[in-house]
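Novice: The structure's right below; bear with me while I get my questions together.
What follows draws every value from the coordinates through simple rules; no lab data is involved. Quantities reported herein were computed from a predicted structural model and do not represent experimental measurements. Here Cβ is always computed from backbone atoms with ideal geometry, including for glycine, and neighbour counts include all displayed protein chains.
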């Protein structure tokens, strides 16, 4: 039996039930991320949804260029690409608070940045209790801290993000050749969707585009980390390290599979379609047991070079406006296509 969607009741009662009851059917396990990997929606989700919603909830529009620059670095253009939304906000707020130019502007505008401390507490709570870093866990944390009013705003932002997805992110189709690649994979491997996106958004997307027929389970943010998803499936299925492969577009994907001894096929930001076009050949190499070593290492070199670890504002010669303009056309194109009347600073 293949993929069966969890009901809302099942999701709330025990989000991991399908993962814990996983059944091995093939000799290989392939884990696949979705956002930025299956579909070219990473830029759209962040630039059109995550970032403007946060600025709206926390009244940060007066520092829009700084907020977008920092948030885009952590969510899209660095080794942190694809990290959980709460971790990304944690990174973003701490980076903004540490910058002298931002502090001066905030002081002049008589503004305040949101306190990242409460997000620290929430993230620590999920880690200590081995919970997924999503809205259900945030609701549990709120129930334990009912008078910490800032948590309600954080949940409101996260819920607003989720409610906006169907109007923008879901409209972006999968990359060409994804379906053909999934058909090939399904002949040899058990396929597990591994993501930090909420389960319902993942299920909606895979079902909408007719891709769910190739997979066994969808594991979203409610089921814990990507590393945990792979760990559970590996332990239950007894797959050898060299028979596990993950397809992903972020460093978190790489870390998730490597923490479980598996192999990685990068869908490199900026080269996604080319990587999907070439995948059938690399799948054959993987199935034949020849992917580990030079082949994987060469692909990882290209991938790692595409995701820097040092932010531009920490590099010599940095000029904020120049950096903001560097990807201005990407922002403009997305807004023109999906939200032409939306609020966007053009410089």
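Novice: Pull out the extension gain between residue 336 and residue 188, defined as 0.36 nm times the separation in residues minus the alpha carbon to alpha carbon distance; nm, one decimal. Don't skip to the answer; put the middle values down first.
Specialist: Details: separation 148, 0.36 × 148 = 53.28 nm, distance 4.18 nm.
The span from residue 336 to residue 188 would gain 49.1 nm if fully extended.
Novice: Arranged by the count of other C-beta atoms within 10 angstrom, fewest first, what order do 242, 190 take? Provide the component values of the computation, followed by the final result.
Specialist: Details: 242 15, 190 23.
In increasing order of surrounding Cβ atoms, one gets 242, 190.
Novice: Explain nothing, just the number: relative contact order of the chain, from Cα pairs under 8 Å at least 6 residues apart, as a whole percent. Walk me through the intermediate numbers first.
Specialist: On the way: 462 pairs, mean separation 96.2, N = 347.
Relative contact order comes out at 28 percent.
Novice: Can you give me the angle between helix 178-188 and the longest principal axis of the chain, using Cα atoms only, in degrees from 0 to 90, rounded to the nearest 10?
Specialist: On a 0 to 90 degree scale, this one is about 40.
Novice: Let me ask something else. Between region 290-347 and region 154-223, what's the alpha-carbon centroid distance in Å?
Specialist: Each part reduced to its Cα centre gives a spacing of 23 Å.
Novice: Once you place label points 7 Å from the Cα toward the Cβ at residue 305 and residue 159, how far apart are they in nm?
Specialist: 4.7 nm
Novice: What's the FRET efficiency of residue 315 with residue 109 using the Cβ-Cβ distance as r and R₀ = 30 Å, to the nearest 0.05? Don't skip to the end; give the middle numbers.
Specialist: Details: r = 26 Å, r/R0 = 0.87.
FRET efficiency, residue 315 to residue 109: 0.70.
Novice: Now, a different point. Using label points projected 7 Å from each Cα along Cα→Cβ, tell me how many nm separate residue 149 and residue 59, to one decimal.
Specialist: Going by the 7 Å Cα→Cβ label model, 1.2 nm.
Novice: Continuing with the same structure: Once R0 is set to 25 Å, what does the formula 1/(1 + (r/R0)^6) return for the Cβ-Cβ distance between residue 258 and residue 177, expressed as a FRET efficiency to the nearest 0.05?
Specialist: Working: r = 26 Å, r/R0 = 1.03.
Computed FRET efficiency for residue 258 and residue 177: 0.45.
Novice: What order, most packed first, do the peptides 292-304, 131-143 have when packing is the mean number of other Cβ atoms within 10 Å of each residue? Let's see the in-between values first.
Specialist: Numbers: 292-304: 13.9, 131-143: 18.2.
Taking the mean over residues of other Cβ atoms within 10 Å, the ranking is 131-143, 292-304.
Novice: How many angstrom lie between the Cα centre of region 234-253 and the Cα centre of region 33-77?
Specialist: Comparing the Cα centres of region 234-253 and region 33-77, I get a distance of 28 Å.
Novice: Express in nm, to one decimal, how much length is gained between residue 16 and residue 4 on full extension, taking 0.36 nm for each residue of separation and deducting their alpha carbon distance. Before the final figure, lay out each step's value.
Specialist: Numbers: separation 12, 0.36 × 12 = 4.32 nm, distance 1.33 nm.
Full extension from residue 16 to residue 4 adds 3.0 nm.
Novice: Then there is this: Assuming R0 = 41 Å, what is the FRET efficiency of residue 101 and residue 128, from their Cβ-Cβ distance, to the nearest 0.05? Display every interim value, and only then the final one.
Specialist: Values: r = 36 Å, r/R0 = 0.87.
E between residue 101 and residue 128, to the nearest 0.05, is 0.70.
Novice: Now for a different question. Among rounded, prolate and oblate, which fits region 263-336 when a ≥ b ≥ c are the square roots of the eigenvalues of its C-alpha gyration tensor, a/c under 1.5 means rounded, and a/b larger than b/c means prolate?
Specialist: oblate
Novice: Remind me, relative contact order of region 194-347 in percent, using alpha carbon pairs under 8 angstrom and six or more residues apart? Numbers along the way, then the final one.
Specialist: On the way: 124 pairs, mean separation 21.9, N = 154.
Worked out over region 194-347, it gives 14 percent.
Novice: Taking only Cα atoms and a 10 Å spring cutoff, compute GNM fluctuations for the chain and point out the largest among 109, 272, 69.
Specialist: Checking each option, the largest mean-square fluctuation is seen for 109.
Novice: Oh, and also: Which angle between 0 and 90 degrees, to the nearest 10, do you get for helix 85-98 versus the longest principal axis of the chain when only C-alpha atoms count?
Specialist: That works out to roughly 40 degrees.
Novice: How much length would be gained if the chain were fully extended between residue 277 and residue 235, taking 0.36 nm per residue of separation minus their Cα-Cα distance, in nm to one decimal? Present the calculation step by step, with values, prior to reporting the outcome.
Specialist: Numbers: separation 42, 0.36 × 42 = 15.12 nm, distance 3.14 nm.
Length gained, residue 277 through residue 235: 12.0 nm.
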